Amino acid sequence: MSVQTIPAPVDLPVSTTCSSNVVSFPKTVLLLTAVVHVLDKDNQPYPCRVLLDSDSQVNFVTEEMVNRLGLPKKPANVPIVGINALRSLARDKVVVKFQSRVSNFHASLECLVTPRVTGTITTSRIDITKWTIPEGVILADPKFHSPDKVDLLIGGELFFDILKPGQLSLAEGLPQLRDTYLGWIVAGAINDQLVSNVSLQSNTAVEDIEQRMHRFWQVEEVPDVPKLSTEEAAREAHFLSERDETGRFIVKLPFKDNLLQLDNCHSLALKRFLMLEKRLIRNPELQTQYMNFIREYEALGHCTEINESEDPPNKQTYYLPHHAVLRPSSSSTKCRVVFDAKRSAPYRATVPKIQGCHHRRHL
């Protein structure tokens, strides 16, 4: 192994390059790859390298291929669990149409969009000059022995529909040929001595330790806190935590001294509330979820039922419009109620009528 260090100034990163020659790997296994024609948005064919994986429950396509084909995406938000229970999230899905290069076989697949389907296959170039491929065999992937990327993974949904009964053995210690509607696939293990020498190269950026420690302390350093204004000091004192007899923290909502300058917002909040009721009537399931949320909100003491006619004449009240936000992918709360407290609607909370009772939240 040879190591070459590139000189660099003290205040700059140091780049180290390592090279080594590997004679053989313990075992090389060829996976099932093929080249098909995928259709773009105008139904024009485009060559694409695919990996056949019977153990995958879903199909995958790279984001690069989707953009190249111009295919329309749809939201998915599907969690993916891989080796060692590593999790990721596929946010989009597309429908990919493809057809075989060697037969009339064609299909449409719903695929999750991901930045990468898998690593480069194969990991190193394989010397096949001494292999004897039978005459008349059309390979599904003519360059199966050369490292290249994979843009489409076909899972168990279509895997066995692609296979055909034909099967051939090349020789002792060589992989097998399996007939499919995409052509003959080369798959299986190769003996150690048949693997060509592989050159591995690694480039690592090593930053000067003194510089890294200096940056660390810069990030961790506590900045000087400017003196608080009278209003800021009052606000900080207002938010000092208190606890009730059960040990729960109580934080009060702040009000400015010019509270009486707020506009009368009852009519606008009521209009928003009636629009919400119409939406809930059209969707009984959403209405049930929404009412359950409000009942729970009331049971927790976050809002109480009041009678507007009993409000003192000199007491000013304000209303907060609210609406439902659906999150079907959530494992806990699929319907969430959002109160609209932005400046354009500084209103006090009204909540839906439950069993004929009108509710309003006390602040």
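Shape class of segment 142-188 from the alpha-carbon gyration tensor: oblate, with a/c at 1.5 or above and b/c at least as large as a/b.
Accessible surface for Met291 stands near 40 Å², nearest 10, in the context of the full protein assembly shown (1.4 Å probe). Computed from label points 7 Å out along Cα-Cβ, the spacing between Glu245 and Ser146 is 8.1 nm. Our coupling estimate for segment 76-90, obtained by passing each phi through the Karplus curve with A = 6.51, B = -1.76, C = 1.60 and θ = phi - 60°, is 10, 6, 9, x, 10, 10, x, 4, 6, 6, 6, 10, 9, 10, 9 Hz, Gly and Pro reported as x. Quote the FRET efficiency, to the nearest 0.05, computed for Leu326 versus Glu298 with a Förster distance R0 of 22 Å and r equal to the Cβ-Cβ distance. Taking R0 as 22 Å, the efficiency between Leu326 and Glu298 is 0.55. The gain in end-to-end length when the Gln167 to Asn77 segment is fully stretched comes to 28.4 nm, 0.36 nm per residue minus the alpha carbon separation. Residue separation of Ile138 and Arg116 scaled by 0.36 nm, minus their Cα-Cα distance, works out to 5.1 nm of gained length.
For the pair Arg91 and Ala187, a Förster radius of 45 Å applied to the C-beta separation gives a FRET efficiency near 0.90, rounded to the nearest 0.05.
The values are calculated or read from the model by the stated rules, or taken from the named source; none is laboratory data. The model shown is predicted, which means the values in this text are computed figures rather than measured ones. Cβ coordinates were reconstructed from backbone atoms using ideal geometry, including for glycine residues, and neighbour counts include every protein chain displayed. The protein model used for the area step is the full one, side chains on, heavy atoms only, and it has no ligands, DNA or RNA in it. Shrake-Rupley method; radii C 1.70, N 1.55, O 1.52, S 1.80 Å.
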